[in-house]
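Data block below; observations after.
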């Protein structure tokens, strides 16, 4: 029982604690036949102390494992969030670059800045046929002129 004192429990491994616990529980069953009540009480207290220490170590181990697992999961989530952010930024830049015409991005060259001379179209005078003051429009009906077919330049 001296090896399982409260000041020595921190140095013992969980396997040693479990072995001491099993030994003391077996000894506790045999104590009433061999010893009196004053020996049973300290043994019961030590068994309870060992049980609580074993449970504490199990909880600490489980907590450490859960912490490690959650940190790995958080690291994975952060990685994929970064990948998603970069993909969104690249997609935005691609869409913005499609909205800008290429001619705005490249400056015009001097040879392209001067327009080349092109033939100018001159308007032609169209004579209007209006009746003269001496002619009477109602005296003789005249045939209306038909429009001539026009050609389009190529």
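The values are calculated or read from the model by the stated rules, or taken from the named source; none is laboratory data. If you're wondering where the values come from, they're calculated on a predicted model, not measured in any experiment. Ideal geometry is used to build each Cβ from the backbone, glycine not excepted, and the neighbour counts take in all protein chains shown.
Quick look at the numbers
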| quantity | calculated |
| --- | --- |
| Within the stretch 9-32, tally of residues that are surrounded by 11 or more Cβ atoms within 10 Å (Cβ to Cβ), farther than 13 Å from residue 46 by Cα and over 53 Å from the mean Cα position of the chain (by Cα) | 2 |
| Which listed residue, of 65, 39, 53, is modelled with pLDDT under 80 and closer than 24 Å to residue 12 by Cβ | 39 |
